[in-house]
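Any read-out appearing in this document is the output of simple, stated calculations on the displayed coordinates, not a laboratory observation. Quantities reported herein were computed from a predicted structural model and do not represent experimental measurements. Cβ placement follows ideal geometry from the backbone for every residue including glycine, while neighbour counts extend to all protein chains displayed.
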Amino acid sequence: MKNRIQELRKERKIRQEDLAEAVGVTRQTIISLENGKYNASLLLAHKIAKYFDKQIEDIFLFEEEGKCG
Amino acid sequence: MWLNKLFAEEPIDFEKRCRMRIKVGLGVGVLGLLSLGMMAVLGEQDAAFYGSLGAGLLVGGILSAFRNRRYLRDPVLKKQREVAENDERNRLMGLRCWAYAGYTMFLLLYAGVMISGFVDRRAAMVLLTVTGVYALVLMLFRILLRKAM
């Protein structure tokens, strides 16, 4: 699953540490999320969406398997 | 259910956990002291076994109690540790580590039973019993988790 965390964070000039602290995870988790190595739980996705004042689907982009575009 | 507390999304009461670890650490330390005390009444071979076991338990228990006491006394360290232990990725990794280690151990036990059957029947029976108990524990957790999730 792709996400726009890094894009939104840089747009708003927020440091990884600050985002991590705000949503109660480690900086390493934010790095892994941004690199696409780890998929957030629904609870964390909700916290991140709330932090950026967006809907979950605006940040986490679900791609169906085998579907292009 | 108590099993739910292991789930990555369940928050941890860090202070309570630290206090529990201090108590367990001190308990383990006392067991270590008892084990060391047994050295005096045992023969040379047993004394060496209980001596090293006791020293290990004593040092391990005290270190654990000391570390957790430090977390409770230092607010900055406590906050860092609390975030790290509550972090869902860390917790998921921890659970996966146990799961993969469990799979590996089961395969090793199975291989051990197969090989030791040719070498030593008694060893094979011991390994077979351990494998059987392991399988039962695995099944028990599957039943419990089915109810919890």
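Taking label points 7 Å from Cα along the Cα-to-Cβ direction, B:Leu3 and A:Lys2 give a separation of 3.9 nm. Springs between Cα atoms under 10 Å define the GNM used for chain B, and in it the highest mean-square fluctuation of B:Gly117, B:Gly60, B:Gly94 occurs at B:Gly117. Using amide H atoms built 1.01 Å from N in the peptide plane, name the residues 5+ places from A:Asn3, or on other chains, whose amide H lies under 5 Å from its own. Close amide H contacts, sequence-distant or interchain: A:Leu61.
For chain B, the relative contact order works out to 24 percent when only alpha carbon pairs closer than 8 Å and six or more residues apart are counted. For chain B, the membrane-span-like helices by this rule, meaning whole DSSP H stretches whose C-alpha atoms cover at least 20 Å of axis and whose Kyte-Doolittle mean is -0.5 or above, are B:14-38, B:44-73, B:88-119, B:121-148; this says nothing about an actual membrane.
Helical content of the protein assembly as shown, expressed as a calculated mean residue ellipticity at 222 nm, amounts to -25000 deg cm²/dmol (DSSP H runs of 4 or more residues, -39,500 (n - 2.57) each, divided by residue number, nearest 500). Structure shown: which of A:Lys10/A:Lys54; A:Lys47/B:Lys147; A:Lys54/B:Lys78; B:Lys16/B:Lys78; B:Lys16/B:Lys79 lie over 24 Å apart, alpha-carbon to alpha-carbon? From the list (A:Lys10/A:Lys54; A:Lys47/B:Lys147; A:Lys54/B:Lys78; B:Lys16/B:Lys78; B:Lys16/B:Lys79), the Cα-Cα distance tops 24 Å for A:Lys47/B:Lys147; A:Lys54/B:Lys78. Estimated from the Cβ-Cβ distance and a Förster radius of 35 angstrom, the FRET efficiency linking B:Leu128 and B:Asp46 is about 0.80. Relative contact order for region B:1-86: 36 percent, from Cα pairs under 8 Å spaced at least 6 residues apart, divided by residue count. With viscosity 1.567 mPa s and temperature 4 °C, the Kirkwood radius over alpha carbon pairs of the protein assembly as shown converts through Stokes-Einstein to a diffusion coefficient of 60 µm²/s. Here the contact order of chain A, divided by its residue count and restricted to Cα pairs under 8 Å and six or more residues apart, works out to 42 percent. Using all pairs of distinct alpha-carbon atoms, the Kirkwood hydrodynamic radius of chain B works out to 18.9 angstrom.
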